[in-house]
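Asks: Pasting a structure here, questions to come.
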Amino acid sequence: MPELPEAETVRRGLALTVLNSKIEDIEVFDQRCLKKHPGGSEDFQNLMRGRSFSAAVRRGKFIWMPLDIEGFALVMHLGMSGQALIRTQDYQPESQVRLQMNLENGLQFRFSDQRLFGSLMVDQLQPVEGNSSGYSPETEVQTEIPSSVAHIARDPLDAEFDLDSVKRKIKNRTAGIKHVILDQQLVSGVGNIYADESLWRARLHFNQPANSISSRKLTELFSHIKDVLSEAVEQGGTSFDQQYKNINGQSGYFSQNLNAYGQTGKPCNRCGRLIARKSWENRGSHFCPACQRIRKQKLK
DNA sequence: AACACATCCTGACTGC
DNA sequence: TGCAGTCAGGATGTGT
């Protein structure tokens, strides 16, 4: 499932292929991929046709591409199974393509999505607090953010990520720590895979009450989160099944480095005890029952 | 404010 | 072999 590293791999790919090339035509095969676009399919096509993208920006798992109309951007979220594929226009048809756009440079942008949790929309940009709104190193610094993304917190790889502020907020939270780090309004970019991996590295149980974790331990956890995310970016993301691909349709390699997620029944790489999987809050949580125990007292 | 829970969706897999 | 049921889970909205 696409999380920050997968979104970043896609963002990079788009930045290298689709910028500054006019959108010549758009075909919508399934309107449900535009359910977040207020005006529907026809309005989407009218807004996009003849325009071009000036940058590819990411915050957390959201990607947006400002258009050459002042103040608007295409916003994309891959959801559970979304893929942004860049093909030549004569490339073979692929399954689950919900929408495609032909560009003047001969390439075709395909939005493929099995489960339709992903979405595309054209949204208005608004000014952001701070120096930049998201990550877009190939182009000039972006200072605007789509309205629909404005509530999403900065991610741990963002230069303006404020660890102290996040830690202060966590001190008020009684929910399990995994629930808290999956809250995109507190810290963005972390999903089920990297949450399990980070907690494994920090030796924290997913249901350890967040407010029982010491400041020092939280710092350690966020250091692991940052490491896991950046290592996965280097590997092109995690392809655990057929759901995540880069813009060329290729898999990422981080799945070879997983220590917890999907490792049920395999020995823990630290202590040898078998990794367990528990269903928790409608998700699978993978952990080592020996290394990651709930502590009753305040965690140091 | 934080929490708990429902909703969206379809292909792969499991068990009878 | 076929069919029904279960599972995968990110974001959002509602009610408490």
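Asks: Answer with one residue from A:Ala56, A:Tyr194, A:Gln243: the one whose Cα lies farthest towards the positive end of the charge dipole of chain A, charges on Cβ with Lys, Arg +1 and Asp, Glu -1.
Replies: A:Tyr194
Asks: How many angstrom separate the Cα center of the range A:43-67 from the Cα center of the range A:74-95?
Replies: About 14 Å separates the Cα centre of the range A:43-67 from the one of the range A:74-95.
Asks: On a C-alpha basis, how far is the centre of the range A:115-140 from the centre of the range A:178-225 in Å? Whole number, if you could?
Replies: Using only Cα atoms, the two centres lie 25 Å from each other.
Asks: Roughly what % antiparallel, to the nearest 5, for the DSSP beta bridges in the range A:4-149?
Replies: If we restrict to bridges inside the range A:4-149, about 95 percent are antiparallel.
Asks: Moving on to the next point. How far, in degrees from 0 to 90, does helix A:215-234 lean away from the longest principal axis of the Cα atoms of chain A, to the nearest 10?
Replies: 40
Asks: Enter the angle in degrees (range 0 to 90, nearest 10) between the Cα long axis of helix A:192-202 and the first principal axis of the Cα atoms of chain A, meaning the one along which they spread out most.
Replies: Approximately 30 degrees, to the nearest ten.
Asks: Moving to a separate point now. Could you work out the relative contact order of chain A? I mean the mean sequence separation of Cα pairs under 8 Å and 6+ apart, divided by the number of residues, in percent.
Replies: 18
Asks: Based solely on its DSSP helices, what 222 nm [θ] is calculated for chain A when runs of n ≥ 4 H residues each add -39,500 (n - 2.57) and the sum is averaged over all residues, nearest 500 deg cm²/dmol?
Replies: -7000 deg cm²/dmol
Asks: Using a cut-off of 11 Å between beta-carbons, work out the net charge of the residues near A:Phe161 (Lys and Arg +1, Asp and Glu -1, A:Phe161 not included).
Replies: Result for the neighbourhood of A:Phe161: -2.
Asks: Please work out the Cα convex hull volume for the range A:4-149 and give it in Å³ per residue.
Replies: Numbers: hull volume 14.2 nm³, N = 146.
Cα convex hull per residue, to the nearest whole number: 98 Å³.
Asks: Another question, if that's okay. Relative to the longest principal axis of chain A, what angle (0 to 90°, nearest 10) does the C-alpha long axis of helix A:4-17 take?
Replies: It works out to around 20 degrees.
Asks: Can you give the net charge of the other residues whose Cβ lies under 11 Å from the Cβ of A:Tyr244, counting K and R as +1 and D and E as -1? Before the final figure, lay out the partial values.
Replies: Values: positive: A:Lys245; negative: A:Glu3, A:Glu6, A:Asp241.
Net of charged neighbours comes to -2.
Asks: Bin width 10 Å, alpha-carbon pairs only: give the P(r) of chain A as whole percents, running from 0 to the bin holding the largest distance.
Replies: Answer for chain A: a P(r) of 6, 27, 33, 21, 10, 2, 0 percent.
Asks: Let me ask something additional. For a protection proxy built on the mean count of beta-carbon atoms within 10 angstrom, sort A:44-52, A:136-144 highest first, please. Don't jump to the answer; show the numbers that get you there.
Replies: Working: A:44-52: 17.0, A:136-144: 15.1.
Packing order, densest peptide first, comes out as A:44-52, A:136-144.
Asks: Around A:Gln108, under 11 Å between beta carbons, what's the net of Lys plus Arg minus Asp minus Glu among the other residues?
Replies: So the surrounding residues net to -3.
Asks: In whole angstrom, how far apart do the alpha carbon centroids of the range A:141-173 and the range A:231-300 sit?
Replies: When both Cα centres are located, 24 Å separates them.
Every number here is computed from the coordinates shown, using simple stated rules; none is lab data. Since this is a predicted model, take the numbers as computed values, not measurements. All Cβ positions, even for glycine, are placed from backbone atoms using ideal geometry, and neighbour counts span all protein chains on display.
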